[in-house]
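Q: Below is one structure. I have some questions about it.
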Amino acid sequence: MNAGRLAARVEIRGCLLPEDRRYDLEADVWWLEDGEKGVGRIGLLGTLAAFAGPFRTFTFRPVEPVVARGRSIATVESVRFTGAVRLPFDAELLARNERLVERPRLVNDDPYGAGWVARVRAVRPEDPGRLLEEAAAIAGRIEERIVRQRIRCWPQTPDLELYEIGLECSAVLTRLNEELARRGPGEAVLLVSDDPTSPIEMVRWSDDTGHTLLTHRVEGGLHHFLVRKEADPRPRRRGADGARG
């Protein structure tokens, strides 16, 4: 997908909703026309992926070349969610994103880009414009859903959540380092702390270790840090002797 197409977005409580496509909120799917009228890609909403957590399996169903509106073309499953990918209009299935079978997490990490599900041709080219809604039209309902379901969107889906409350930052960082040692490169950990010094200490920790601090938020008086383990971490802070720390 062209990254430039994602430049215009609505941000709703940290969740992004691209304005260059149309949506079926009931089915939790988006549609993006990619050239010929009535031809384009569909995928799952980022809010659904954030609610479900890391997807473990993605299975395409055997279907007829033309699939009716509301019929399932695939199923997706996480630890706490199992659901179907349903077509928002009658369409001919042109291509499937087979990468999702091997890497279901693409739907979590890039739902509006590499995590697309299928390319289809609408049986009636006017149906996408007639049946689906623009981002601005569903923004209010998306916000209601985010609040009701307590959805939290992150730049990368956490593989682990660490709640370290009542501990000094040094103890929290020791725990974080232990967990990262068990993780593979590219995995993300969400660390939650109530230590008031943690924002400063986490920046210093990232500089010292070379692992990436993706984002920091404050919610309910607690600090939330999303960090990613790098395959080749390169410390950025220098010690007193001028050497890398």
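The values are calculated or read from the model by the stated rules, or taken from the named source; none is laboratory data. Being a predicted model, the structure only gives us computed values, none of them experimental. Glycine gets a Cβ as well: all are built from the backbone with ideal geometry, and neighbour counts include every protein chain shown.
Q: Could you check, for segment 34-45, whether at least one of its residues is touching a residue at least 60 places away in the same chain (Cβ under 8 Å), surrounded by fewer than 18 Cβ atoms within 10 Å (Cβ to Cβ) and touching a Pro at 6+ places or on another chain (Cβ under 7 Å)?
A: yes
Q: Does Trp205 count as among the aromatic types (Phe, Trp, Tyr) and out of contact with any helix residue (DSSP H, G or I) (no Cβ under 6 Å at 6 or more places or on another chain)?
A: Against the criterion (among the aromatic types (Phe, Trp, Tyr) and out of contact with any helix residue (DSSP H, G or I) (no Cβ under 6 Å at 6 or more places or on another chain)), Trp205 does not qualify.
Q: If you check Pro88 against the conditions, is it touching a Lys or Arg at 6+ places or on another chain (Cβ under 9 Å), assigned by TED's automatic domain parsing to the domain that holds Ala137 and either more than 18 Å from Tyr112 (Cβ to Cβ) or in a loop (DSSP other than H, G, I, E, B) (or both)?
A: For Pro88, the condition - touching a Lys or Arg at 6+ places or on another chain (Cβ under 9 Å), assigned by TED's automatic domain parsing to the domain that holds Ala137 and either more than 18 Å from Tyr112 (Cβ to Cβ) or in a loop (DSSP other than H, G, I, E, B) (or both) - is met.
Q: Do you know which of the residues in segment 81-98 that are surrounded by 14 or more Cβ atoms within 10 Å (Cβ to Cβ) and free of Cβ contacts under 8 Å to residues at least 24 places away in the same chain is farthest from Gln156 (Cα to Cα)?
A: Ala84
Q: Would you confirm whether any residue within segment 62-80 is surrounded by fewer than 20 Cβ atoms within 10 Å (Cβ to Cβ), basic (Lys, Arg) and modelled with pLDDT of 95 or more?
A: Yes, the conditions are met somewhere in segment 62-80.
Q: Just one of Val63, Val67 is farther than 18 Å from Tyr112 by Cβ and touching a Leu at 6+ places or on another chain (Cβ under 6 Å); which is it?
A: After ruling out the rest, the residue left standing is Val67.
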